[in-house]
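Encoded as structure tokens, here's the structure I'll be asking about.
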Amino acid sequence: MEPKVCAKCVLPETFPRISFDRQGVCNYCLDSQGKEGRENKAVEYRQKFESLVSEYKGKSSYDALMCYSGGKDSTYTLAVLKETYGLNVLALTLDNGFVSDQASRNIRNVVEILGIDHIFFKPSFQVLATIFRTCATEDIFPPKTLERASTICTSCMAVLKSSALRLALEKDIPFVAFGWSPGQAPITSSIMLNNPRMVRMMQKTLFDPLHRIAGDDIRPYFLEEKHFSGSYHFPYNIHPLAFMDYNEEDIYRHISRFGWKAPEDVDANSTNCLLNSFANVVHIERFGFHPYAFELANLVREGCLDRSGALDKLRHMENPGATALARERLGLA
Ligand SMILES: [Zn+2]
């Protein structure tokens, strides 16, 4: 039997700490300020971003380091930074060994057409596979992270985010940009100056469990003591989609100008990664809810996605080809 789902968003009764009122509306919806909440803050955050752009633009060799997966959201964000704000962007793609071939072609096309410098960073596959294998069966991070993403996704993201921050520090780049959708991260975190003390704390919660699994091989992906010595400028993390209009169709239309095509070998919730399907299957088996439920519910509440579209994405069967490929490459077949 399918679990009961909130009448307004798409969170199921299996989601952590959920409750429903008599109309079947969940506590997350009742606590949310919805579409208006984001719209009211959008102007303020856009202005804040524009004033930071005028302060920092042209002061360093690159204005922004974009964490670029090649998916639709980060492609759109990259285009906005370059075309709307005129920033000199360095794009960084983490190759986790599961980048779809079409996604690789998209990445090459987009950075060429936009005239952007780009780095493919491919950590040792043995190291990543060791991490992903463990993450398929163990909850190595704080329980809260499980509400927003699978443990596999969180581990990959930890390597990407800390590698990007390290590169930004070493190249003195003032912004690290992400293509988070308005459902993935709230507008209130869309412009955040990295605070070294906070970074050190957050890094510890991610580094320590990964270090137990993979050992010192992961050290180059994280900050070291010298980075906290006071001689580096910590950048702002930004995710501009939070304070912009967000609509999937508009995004697809916009990025098709660069020859961007949706990969067909991925699942309904990723437009770049072949590991995502497997990560979703494992998460659903273990916890009884889809790791994208939280993001999709937020997008519905904020008027960025209609409810039936979100339900479709959650009910969509995972891609069996991608799932089998992941099991095989990770030695779990
Ligand atoms: Zn709800």
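The values are calculated or read from the model by the stated rules, or taken from the named source; none is laboratory data. The structure presented is a predicted model; accordingly, all values stated were derived computationally and were not measured. Glycine also receives a Cβ, built like all others from the backbone with ideal geometry; neighbour counts cover every protein chain displayed. Just so you know, the surface numbers come from the protein's heavy atoms only, side chains and all, with ligands and any DNA or RNA stripped out. Shrake-Rupley method; radii C 1.70, N 1.55, O 1.52, S 1.80 Å.
Let me have the 222 nm mean residue ellipticity of the chain computed from DSSP H runs of 4+ only, each contributing -39500 (n - 2.57), with the sum over all residues rounded to the nearest 500.
That comes out to -14000 deg cm²/dmol.
Label residue 312 and residue 54 with points 7 Å out from Cα along Cα→Cβ: what is the distance between them in nm?
The answer from the label model is 4.3 nm.
In cubic angstrom, how much convex hull volume per residue do the alpha carbon atoms of the range 39-196 span?
132 Å³
Across the range 1-128, how large is the tail of the calculated P(r) beyond 19 Å, expressed as a percent of all Cα pairs?
Numbers: 5348 of 8128 pairs.
Of the Cα pairs, 66 percent sit more than 19 Å apart.
Could you tell me which trypsin sites (Lys or Arg not before Pro) in the range 48-137 are loop residues by DSSP with no more than 16 other beta carbons within 10 angstrom of their beta carbon?
Hits after loop and neighbour filter: 57, 59.
For the pair residue 21/residue 113, report the inter-label distance in nm, with labels modelled 7 Å from Cα in the Cβ direction.
Between residue 21 and residue 113, the simple spin-label model gives 4.6 nm.
Taking the C-alpha atoms of the chain, how large are the radius of gyration and the largest Cα-Cα span, Dmax, in Å?
19.4, 58
As a test of reading the structure, rank 180, 260 by solvent-accessible area (1.4 Å probe, protein chains only), most first.
Ranked list, largest accessible area first: 180, 260.
Relative contact order of the chain, please, whole-number percent, based on alpha carbon pairs below 8 angstrom and at least 6 residues apart.
Reported as a whole number, the value is 25 percent.
Can you spot the lysines whose alpha carbon is less than 24 Å from residue 261's alpha carbon? Ignore those fewer than 8 places along the same chain.
Candidates past the 8-residue exclusion: 72, 82, 122, 313.
Give me the Å³ per residue figure for the convex hull around the C-alpha atoms of the range 212-260. Present the calculation step by step, with values, prior to reporting the outcome.
Values: hull volume 10.0 nm³, N = 49.
Given the Cα convex hull of the range 212-260, per-residue volume reads 204 Å³.
On to the next question. Go ahead and set up a Gaussian network model of the chain, Cα springs under 10 Å, then flag whichever of 145, 130, 84 fluctuates most.
For the chain, modelled as a Gaussian network with Cα springs under 10 Å, the answer is 84.
Another question about this same structure. I need the GluC sites (Glu not before Pro) found in the range 1-77, filtered to DSSP loop residues with at most 16 other beta carbons within 10 Å of theirs.
13
With a bin width of 10 angstrom, please list the P(r) values of the range 112-270 as percents of all Cα-Cα pairs, from the 0 bin to the one holding the largest distance.
The percentages, shortest bin first, are 9, 31, 38, 20, 2.
With springs only between Cα atoms under 10 Å apart, run a GNM on the chain and tell me which of 197, 286, 46 wobbles the most.
In the Gaussian network model the winner is 197.
Sticking with this structure for a sec: For the chain, which whole percent of the accessible surface, found with a 1.4 angstrom probe, sits on carbon and sulfur atoms?
Heavy-atom surface of the chain belonging to carbon and sulfur, 1.4 Å probe: 51 percent.
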